[in-house]
Amino acid sequence: MSERKTVLITGSSRGIGAAAARRFAQEGWGVGLHCRARLDRAQALGAELRALGVPVGVYQGDVSDRAQVDRVVADFLRDFGRLDVLVCSAGLARQELFTDVTQASWRQVLGVNLDGVFHCCQAVLPHMLHRKAGKLITLSSMWGQVGASCEVAYSAAKAGVIGLTKALAKEVGPSGITVNCVAPGVIATEMNAALSPETLAALAEDTPLERLGTPEDVAQAIWFLASPAGDFFTGQVLAPNGGFVI
Ligand code: NDP
């Protein structure tokens, strides 16, 4: 087995996942990039990271579909032979009145944000259990901690991610595997591109540190948990949110 540590980051074609991928590559890790549709973006990032001298794989699949997740994980393990850290960053936000939420919309938001984490963690666990080592890092949101108006499905899914993280940490801790969650505040990524400049300014104003977070702010928290500094953390929620939720 290669000496080089590896990470698979779902939803790393852009945003927080892409910033995390850059962070791991800077540390010399082999990186599995993943996207649902924007293969061009993931491949461009892959070329950028390979220029740093690290091995990179690019994988595509919908995390809400278990068969596609199984294929991504099998392809990653075929290419790298080991997986040290899984980061579940793939996500989908949607603003709508609760009374307007359709069955299809509810299923899609829960399917990507919560089922997706279930699928990815379950798909990689046999490998980690066999090695008696590994770290799972999930992405929730401060809205999963306190709830967001007009984002009931998203808030429910992200609260579910916190519950999944805590319960799974208890279950697999004795097997040498840690499970932690990062719950960011408002981060300047394409996820928030639909918000008006006024809304974004108001969100920054409501943040004690008086700015929106950057993808790099969140990548630092993810890296902390993945690095040896995070070895004694499990079942925890780390919240890079500028003090928005205290
Ligand atoms: P972006 O919208 O910038 O990127 C989303 C990523 O997820 C893309 O790589 C996208 O792939 C991928 N993705 C979306 N749907 C699927 C799917 N069905 N299957 C597989 N991949 C999918 O999001 P962010 O980087 O901002 O968010 C990352 C995570 O952090 C998410 O879980 C989000 O909920 C969470 N978060 C974000 C906050 C923010 O303010 N931005 C705040 C709190 C939490 P593709 O490019 O191919 O579409």
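Read-outs: derived from the displayed coordinates by stated rules, not from any lab. What you see is a predicted model, and the numbers here were worked out from it, not measured in a lab. Here Cβ is always computed from backbone atoms with ideal geometry, including for glycine, and neighbour counts include all displayed protein chains.
What do you get for Rg/Rh over segment 1-127 if you use C-alpha atoms and the Kirkwood form of Rh?
Answer for segment 1-127: 1.01.
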Projected onto the charge dipole of the chain (unit charges on the beta-carbon of Lys, Arg, Asp and Glu, signs +1, +1, -1, -1), the Cα from V172, M1, G11 with the largest positive-side position is that of M1
Return, ordered by residue number, the residues of segment 109-144 whose backbone nitrogen is under 16 Å from a label point located 7 Å along Cα→Cβ of Q103. 109-111
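Using Cα-Cα distances under 8 Å and only pairs 6 or more residues apart, what relative contact order does the chain have, in percent? Intermediate results must be reported in sequence, preceding the final value.
Values: 487 pairs, mean separation 47.2, N = 246.
Relative contact order comes out at 19 percent.
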What does the helix-only formula give at 222 nm for the chain: each DSSP H stretch with n ≥ 4 adding -39500 (n - 2.57), the total divided by the residues, and the result rounded to the nearest 500 deg cm²/dmol? -14000 deg cm²/dmol
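Which whole number of Å³ per residue matches the convex hull of the alpha-carbon atoms in the chain? Spell out each step's value before the answer.
Working: hull volume 29.8 nm³, N = 246.
Value for the chain: 121 Å³ per residue.
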Mind listing the phi-derived Karplus ³J(HN,Hα) values for segment 73-90, rounded to whole Hz, using 6.51, -1.76 and 1.60 with θ = phi - 60°, and x for any glycine or proline? 5, 4, 5, 4, 5, 4, 6, 9, x, 8, 9, 8, 9, 10, 10, 9, 9, 4
Hey, how many Å between the Cα centroid of segment 39-95 and the Cα centroid of segment 124-169? 18
Which whole-Hz couplings ³J(HN,Hα) result when phi for each residue of segment 40-56 is put into the Karplus expression 6.51 cos²θ - 1.76 cosθ + 1.60, θ = phi - 60°, listed in order with x for Gly and Pro? 4, 5, 5, 5, 5, 5, x, 5, 4, 6, 4, 5, 7, x, 10, x, 9
A74 versus Q220: modelled label distance in nm, points set 7 Å from Cα along the beta carbon direction: 4.1
Using θ = phi - 60° and the Karplus relation 6.51 cos²θ - 1.76 cosθ + 1.60, list the HN-Hα couplings for segment 105-118 in order, rounded to whole Hz, with x at every Gly or Pro. 5, 4, 4, 5, 5, 5, x, 6, 7, 10, 4, x, 5, 4
Cα pairs beyond 19 Å in segment 124-246, in percent, come to 51
